[in-house]
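Enquirer: The following block contains the structure, expressed as structure tokens.
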Amino acid sequence: MSVKNVLRMGHPVLRQIAAPVTEFNTPELNSLIQDMFDTMAALDGAGLAAPQIGVSRRVVIFGVERNRRYPAAEPVPQTILINPEVLPLDDDMEEGWEGCLSVPGLRGQVPRYTHIIYRGYDETGHLFEREVRGFHARVVQHEVDHLDGILYPQRIRDFSRFGFEAELTGHDF
Ligand code: NI
């Protein structure tokens, strides 16, 4: 159990396609997940993907109760999601502000599908599926992008809505 160093944009591991998890209930997987929760909690994040701590595996965690970095956000249940799939249920997308622990100090407005189904495995290898909208759907798409080597700045369409959070006054995020 430990807080790990979070890799920043530009590190090659963040650009890789992460490998699927093939074995569940292993000490390696359990300690990876624990390290991810410790790291996310220490940095007050809403989510974290394994590549961000240097492990190129298809594991993400997320969850928001009340988050200082996302005060306007609706709650999202604490979730461990392994080998995920995301399916948009229609073509609707909306812009919303995102930040990332691998892109410290910055925020940008990113288009995401508003209504999705996602499925994947929990830490015991149990398959589950959820239909979600809005901020929950946004968080999942952001985290799953990390597993395909994509960081949110690569999704931005309007770079007038990208900058340092300390300078972005008057924006609701
Ligand atoms: Ni991120």
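The values are calculated or read from the model by the stated rules, or taken from the named source; none is laboratory data. Predicted, not measured: the structure shown is a model, and the values here were computed from it. Cβ sites come from the backbone with ideal geometry, for glycine too, and all protein chains shown count toward neighbours. The accessibility values were calculated without ligands, DNA or RNA, using every heavy atom of the protein model including side chains. Shrake-Rupley method; radii C 1.70, N 1.55, O 1.52, S 1.80 Å.
Enquirer: Surrounded by 20 or more Cβ atoms within 10 Å (Cβ to Cβ) and either away from the ligand (no atom under 16 Å from the Cβ) or of a type in the set (Lys, Arg) (or both): is that true of Val59 in this structure?
Expert: Numbers: surrounded by 20 or more Cβ atoms within 10 Å (Cβ to Cβ): yes; either away from the ligand (no atom under 16 Å from the Cβ) or of a type in the set (Lys, Arg) (or both): no.
The answer is no for Val59.
Enquirer: Based on what the data block shows, is Gly120 open to solvent by less than 10 Å² (accessible area, probe 1.4 Å) and away from the ligand (no atom under 16 Å from the Cβ)?
Expert: On the way: open to solvent by less than 10 Å² (accessible area, probe 1.4 Å): yes; away from the ligand (no atom under 16 Å from the Cβ): yes.
Taking the combined requirement at face value, the residue satisfies it.
Enquirer: Give the number of residues within segment 139-173 that are open to solvent by less than 70 Å² (accessible area, probe 1.4 Å), free of Cβ contacts under 8 Å to residues at least 60 places away in the same chain, of a type in the set (Gly, Ala, Ser) and in a loop (DSSP other than H, G, I, E, B).
Expert: Qualifying residue count for the region: 0.
Enquirer: Moving on. Return only the number of the condition from (1) open to solvent by less than 70 Å² (accessible area, probe 1.4 Å); (2) farther than 14 Å from Glu123 by Cβ; (3) within 15 Å of the ligand (Cβ to nearest atom) that Asp38 does not satisfy.
Expert: If we test Asp38 against (1) open to solvent by less than 70 Å² (accessible area, probe 1.4 Å); (2) farther than 14 Å from Glu123 by Cβ; (3) within 15 Å of the ligand (Cβ to nearest atom), just (3) comes out false.
Enquirer: Separate question: Strands (runs of 3 or more DSSP E) wholly in segment 26-117 with at least 3 residues that are out of contact with any Lys or Arg (no Cβ under 9 Å at 6 or more places or on another chain) and under 16 Å from Val6 (Cα atoms) - which ones? Please lay out each step first, then the result.
Expert: Values: elements: 47-49, 59-64, 76-88, 93-98, 106-113.
Hits in segment 26-117: 59-64.
Enquirer: Taking the criterion of being within 21 Å of Arg8 (Cβ to Cβ), more than 12 Å from the chain's Cα centre (by Cα), touching a residue at least 12 places away in the same chain (Cβ under 8 Å) and surrounded by fewer than 15 Cβ atoms within 10 Å (Cβ to Cβ), would at least one residue in segment 79-90 satisfy it? Talk me through it step by step, then tell me what you get.
Expert: If we filter segment 79-90 for residues that are within 21 Å of Arg8 (Cβ to Cβ), which is where we start, we get none.
Checked against the condition, which is being within 21 Å of Arg8 (Cβ to Cβ), more than 12 Å from the chain's Cα centre (by Cα), touching a residue at least 12 places away in the same chain (Cβ under 8 Å) and surrounded by fewer than 15 Cβ atoms within 10 Å (Cβ to Cβ), segment 79-90 yields no hits at all.
Enquirer: Something else: Applying the selection to segment 1-25, what residues are open to solvent by 40 Å² or more (accessible area, probe 1.4 Å), assigned to a loop (DSSP other than H, G, I, E, B) and closer than 15 Å to His146 by Cβ?
Expert: Across segment 1-25, the qualifying residues are Lys4, Arg8, Met9, Gly10, His11, Gln16, Ile17, Pro20.
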